[in-house]
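Just below is one structure, and these are the notes that go with it.
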Amino acid sequence: MFTPKWKKEALHLAKAGRKFVAYKRDLLKPDRIDEIESRRSDLLAAVKSGDKPAVAEASKQLRTTCENSLPHEKPLGWLEENVEVMFVAIVIALGLRAYYLQPFRIPTGSMQPTLNGIIGTPLPEEEWPSFPQRMIEKITRGRSYVKIVNDEDRRIAFTPQGQPAVHDVQMFHFFSRSIIQFSDAKPLRLPAPVNPCAEIGLRSALSSAAQHNGVLKAGTVVCEGTIDSGDLVLVDKFSYHFRKPKRGEVFVFDTIDIKGIHERSGEQAAGSHYIKRLCGVPGDKLSIQSPDLLIDGKIADEPGIARVSRGEGAYDINPRGYVYADPKEARHGNKILPQYIVKPGDTLSLRGNGEPSQREYAALGDNTGNSLDSRYWGPVKQFNLVGPALFSLWPVTTGHWGFIR
């Protein structure tokens, strides 16, 4: 404690010089290492002799030698710096998406009024608002004004089941679109999935083509109106690694190996994700006594499920509560597909034992009158689960912004 400050600082510097050589030995040339060690020896000798001016000079020489021992890197320019920042941001975003939070766009109306899907509303072009107003609506409510007119005669292609080849597609795994396939021309891309487009002209266009032996005539309006974007939600991909899924929460799952979905949707179901309310956990036996959902014969009382059953507030929709699957949906082309809860007494039993990945859950839409869900295609395996829907991020004017219940 009685050592002068200048001696303490000199000894610290000598120690730092030794660490510098140890850490940077692979980058230093042998002659530089020898020079640094020589300067350290001079400094220690000066400290031992108690010669303060010699210590100051030796310290200066050691610092200068260390600073000049490595080649100086050229400072990054503004372009390199911005590219580096963008690269780091992309890596962080991809890491968050892969392991923690994933954005998901609601494609259909099966979860209304909890979450909005993509909605099409017919509106003639002459009734559209001004361009600035349309831009404001695009930003605040995700509304697009679209008009697509077929520019040449095209012959519509048909599926093996005899249906027009019109189906949904995913762009960049994020944007939902649809296309019309033709036998004599390139596909025509539409600005939204099939169902919203059908509401703003596609249904009439296909009907008109049927009257012309499958030819979509030039000048036919295919879509005209507004497309309201589905809610953009963040999915928590982390929680299910540490807790069990809870009955009543909104969750997202993929469609891998869910046979009933692929039989109904074909290739467009490949790699897709669905969002529903988790209405049954492993070991449950589900049935419906409309408008109530029964779990093991008792009315389910979880808040999210109860709101639907009771038709509280915005949930007072037609049909109200939980209803049976529509028997007409069992027919798909020439096939009759199995359904699970079609009439009173039908039950869906969920596997609660065996391999954890094979345990089963039930997924139902809040708008059960407009939802293809576990009533139609059965249970969801545990390995399909992605995570609970956490936060509705955009649009901000639908009343859904915030945490999802």
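With respect to the stated conditions, Arg203 is out of contact with any strand residue (DSSP E or B) (no Cβ under 6 Å at 6 or more places or on another chain), free of Cβ contacts under 8 Å to residues at least 12 places away in the same chain and not in a loop (DSSP other than H, G, I, E, B). Scanning the stretch 371-405 for residues that are within 27 Å of Phe242 (Cβ to Cβ) and β-branched (Val, Ile, Thr) yields a count of 3. When you look at Val221, is it in the same structural domain as Val146 (by TED's automatic domain parsing) and over 27 Å from the mean Cα position of the chain (by Cα), yes or no? Yes; evaluated as a whole, the condition is true for this residue.
Mind listing just one residue for me: the one in the stretch 342-372 that is closer than 18 Å to Val386 by Cβ and among the hydroxyl-bearing types (Ser, Thr, Tyr) and, of those, surrounded by the most Cβ atoms within 10 Å (Cβ to Cβ)? If we take residues in the stretch 342-372 being closer than 18 Å to Val386 by Cβ and among the hydroxyl-bearing types (Ser, Thr, Tyr), then Tyr361 is surrounded by the most Cβ atoms within 10 Å (Cβ to Cβ).
Are any of the residues in the stretch 323-330 in a helix (DSSP H, G or I) and touching a helix residue (DSSP H, G or I) at 6+ places or on another chain (Cβ under 9 Å)? Yes, there is a match, as at least one residue in the stretch 323-330 is in a helix (DSSP H, G or I) and touching a helix residue (DSSP H, G or I) at 6+ places or on another chain (Cβ under 9 Å).
For the subset of the stretch 317-341 comprising residues that are charged (D, E, K, R) and surrounded by 12 or more Cβ atoms within 10 Å (Cβ to Cβ), which member is nearest to Leu115 (Cα to Cα)?
Initially, the stretch 317-341 is screened for residues charged (D, E, K, R), giving 320, 326, 328-329, 331, 335.
Keeping just the survivors that are surrounded by 12 or more Cβ atoms within 10 Å (Cβ to Cβ) gives 320, 326, 329.
Numbers: Arg320: 17, Asp326: 23, Glu329: 24 Å.
Ranking the qualifying residues of the stretch 317-341, first place goes to Arg320.
Filtering the stretch 352-376 to residues that are of a type outside the set (D, E, K, R) and either assigned to a loop (DSSP other than H, G, I, E, B) or free of Cβ contacts under 8 Å to residues at least 12 places away in the same chain (or both) leaves Gly352, Asn353, Gly354, Gly365, Asn367, Ser371, Leu372. Say whether the condition of being in a strand (DSSP E or B) and either within 24 Å of Asp228 (Cα to Cα) or of a type in the set (Phe, Trp, Tyr) (or both) is met by at least one residue in the stretch 190-200. The answer is yes, given that some residue of the stretch 190-200 is in a strand (DSSP E or B) and either within 24 Å of Asp228 (Cα to Cα) or of a type in the set (Phe, Trp, Tyr) (or both).
Is there a residue in the stretch 295-306 that is free of Cβ contacts under 8 Å to residues at least 40 places away in the same chain, part of a helix (DSSP H, G or I) and aliphatic (A, V, I, L, M)?
Scanning the stretch 295-306, I find at least one residue that is free of Cβ contacts under 8 Å to residues at least 40 places away in the same chain, part of a helix (DSSP H, G or I) and aliphatic (A, V, I, L, M), so the answer is yes.
Close contacts from the stretch 137-153, counting a first residue that is closer than 22 Å to Asn116 by Cα and a second that is among the polar types (S, T, N, Q), with Cβ to Cβ under 6 Å and a gap of 6+ residues or different chains, come to Thr140/Thr397; Arg141/Thr397; Gly142/Ser229; Arg143/Thr226; Tyr145/Thr226.
Quick one: which of Ile256, Ile295, Ile227 is β-branched (Val, Ile, Thr) and out of contact with any strand residue (DSSP E or B) (no Cβ under 8 Å at 6 or more places or on another chain)? Only one candidate qualifies: Ile256.
The values are calculated or read from the model by the stated rules, or taken from the named source; none is laboratory data. Just so it is clear, the structure is predicted and the values come from calculations on it, not from any experiment. Counting neighbours? That spans all protein chains shown, and the Cβs are built from the backbone with ideal geometry, glycine included.
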